[in-house]
1. Obtain the nm distance between the two label points defined at Ala138 and Glu123 by a simple spin-label model: each point lies 7 Å from its Cα along the Cα-to-C-beta direction.
2. Got a number for carbon plus sulfur as a percent of the stretch 274-335's accessible area, 1.4 Å probe?
3. Label point 7 Å out from Asn527 along Cα-to-Cβ: which residues of the stretch 382-416 have amide N under 12 Å?
4. Per residue, how much space in cubic angstrom lies within the convex hull of the C-alpha atoms of the stretch 270-418?
5. Note down, for the stretch 298-348, the three equivalent ellipsoid semi-axes (square root of 5 times each alpha carbon gyration tensor eigenvalue), biggest first, whole angstrom.
6. What full-extension length gain, to one decimal in nm, is calculated for Ala226 and Thr93 as 0.36 nm per residue of separation minus the Cα-Cα distance?
7. Between their Cα atoms, which of Lys375/Lys532; Lys390/Lys532; Lys97/Lys206; Lys97/Lys294 are more than 24 Å away from each other?
8. So if each residue of separation counts as 0.36 nm, and I subtract the Cα-Cα distance between Met84 and Lys206, what length gain in nm does that give?
Amino acid sequence: LCSLAPRRFCIDPPTTQQQQQQQQPAKTMAAMRILAIIAAFFAQPSVSKHLRKPQEQLAVLAVHSYRRDCGLAAAKAKLPGAGMSPGSIEPFTTVLKDGFYEVACVADYMFTHGDKFGDHSDEYLIGGVSNVSIVHYAAHVVKENREQMTHEVCFSFCRTVPDMNFFGITNGRECYCMTYFQAMADDDSQCEEPCDGNPNTMCGGKSKSSVFGMHACQNAAAELAAAAGKMSELNGEMVGLGEAVNGVASNMQTMAAEWQTMLGNAGDPSSAALMQSAKEFAGELEHAVGVANKIDGTIGSLNKSATDLQEADLTSSAAMIDAEQVVQDMEEATTQGAAAIEELESLQAQASPNVTGQVNASQQYYPVMYFVDKKYDSVPSTCTGTAAGKPMVGSFESCAAACNADVHECVGFSYFPGSGTPAETGLCFMMSKVQGVTYWAGCSGAEASAGEGGAEASTGGGGAEASTEEDEEDEEDSATGSSGEETQSEENGPVAKPPWASLAQLAKRRGLSRNLRQRSASLSAVNTGEVKCVVKFAEFEGDTLKPDPSGKCDVCLERATQADRCFA
């Protein structure tokens with residue numbers, strides 16, 4: 001090849017004179033083979049005119065196939081005698097073709113000179129050449145049964161006429177079948193007549209025919225089984241994925257509802273709002289599962305229809321039409337199932353990501369209080385901020401890995417464990433910016449870690465208010481030991497009972513305290529020490545996140561609230 005190509009495309013390695021003499025015959029033979037191939041290509045005898053693509057160019061053609069994997073099997077012979085016995089033609093009885101494709105727009109010689117029994121019978125000229133005739137739709141379908149002409153209407157007729165490989169439509173409505181077609185010279189008009197039954201498509205012109213080829217496979221039963229198999233395989237994947245997503249949605253919905261009640265009762269509306277967002281996302285998951293379940297029901301019905309048709313006579317027109325419709329419906333269901341799988345996978349990746357390749361990711365995260373006041377870095381904390389993703393269900397370790405994977409957005413997350421010790425699954429909310437934190441100094445064991453600083457207030461930056469809270473057990477309800485009956489105070493300020501304390505007391509007086517306790521019983525075993533707001537150490541190393549009243553600190557929190565009570 002290099003011996004034939006321009007020198008700029010080939011660089012030969014240095015060779016000795018002996019090597020050159022040995023290689024010369026091989027180069028000569030290669031050149032001769034290439035020239036022989038080129039000569040053979042141009043010397044090929046031309047095929048019949050009705051099979052030649054216009055101007056011998058490759059083109060993209062729309063193939064209307066009723067079974068996608070069928071191979072082209074249209075006959076090339078002119079089939080002498082085809083269409084010559086119009087009385088024996090019984091249309092719509094036996095299906096012989098199963099798809100069609102547009103071939104050309106031509107002045108068809110067959111329409112004028114190949115019509116032995118129609119309006120052009122006096123111009124019939126091919127009796128001694130091929131002894132065939134075109135077959136007209138109007139000649140075999142009584143007027144009251146004729147449909148408005150479309151490509152599909154003409155195909156449905158011609159596919160049942162023996163020995164026909166093509167069909168043509170002219171003047172917007174005249175349909176005819178033929179074994180072959182032949183273009184002849186005519187004016188430069190185009191196929192611009194809209195089909196009577198579908199004005200969006202063209203059905204020939206005044207003197208031109210829109211010509212279509214038909215193909216047959218003779219494997220309807222096999223294609224029906226193949227479509228059913230493909231659909232069922234995909235359905236199995238969809239159902240399994242739907243069950244997994246439904247489990248995540250159920251866990252998220254349950255935990256979010258319980259935490260929302262607990263945090264609302266504890267006076268942390270910001271974190272309760274996070275739980276509301278988790279409930280809403282769980283609703284999205286449940287909706288996607290519902291869509292998949294609906295598709296699963298449709299697939300079940302189609303599988304039954306396919307099984308019934310496997311025993312039918314698929315050579316009959318009625319059974320073939322039913323089979324084609326079922327295959328089409330199965331392909332549509334398969335497409336819908338694939339879309340459902342894509343949606344479920346996307347939601348699952350957001351709600352319960354499976355991040356691999358990370359070891360001890362959680363060690364990269366420190367409590368946000370470490371950067372605010374180290375005395376409280378082991379105190380349970382909750383935080384809010386700008387979301388970096390959807391609420392997630394997972395362990396603390398998996399949440400850390402997911403935050404690491406979101407390199408450009410996530411800087412930290414707020415984690416709420418499920419019930420049980422240790423908690424292996426919980427809820428986490430990834431954030432691109434942490435705006436406020438509440439640290440719960442009143443939780444069991446938190447006082448010891450906080451030292452003597454439990455009554456100090458943290459100031460809020462950017463105009464945010466500062467707050468402190470102290471535990472003060474109400475004498476009237478001291479026997480209950482309820483953490484919800486605390487008092488809130490400001491240093492040297494008036495003492496007032498918070499709303500949750502008065503509600504709890506009112507409930508007790510009405511004999512409802514047991515019901516209130518039961519509402520949060522499912523999370524009563526929660527490990528409060530696992531409730532934490534954390535940030536990437538590497539992101540804030542050497543910085544402080546303590547609220548800056550001046551508002552000049554970009555990374556500082558807007559508020560840091562000390563709660564001298566516990567949420568559980």
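The values are calculated or read from the model by the stated rules, or taken from the named source; none is laboratory data. Just so you know, these numbers come straight off a predicted model, no measurement behind them. Note: ideal-geometry Cβ built from the backbone for every residue, glycine included; neighbour counts use all protein chains shown. Accessible surface areas use protein heavy atoms only, side chains included; no ligands, DNA or RNA. Shrake-Rupley method; radii C 1.70, N 1.55, O 1.52, S 1.80 Å.
1. 1.4
2. Details: 1580 of 3060 Å².
Carbon and sulfur atoms account for 52 percent of the accessible area of the stretch 274-335.
3. What the label zone holds, given the 12 Å backbone N cut-off, is 395-397.
4. 153
5. Working: eigenvalues 174, 20, 6 Å².
Whole-Å semi-axes of the equivalent ellipsoid: 29, 10, 5.
6. Values: separation 133, 0.36 × 133 = 47.88 nm, distance 2.54 nm.
Extra length from Ala226 to Thr93 when fully extended: 45.3 nm.
7. Lys97/Lys206; Lys97/Lys294
8. On the way: separation 122, 0.36 × 122 = 43.92 nm, distance 2.64 nm.
That works out to 41.3 nm of additional length.
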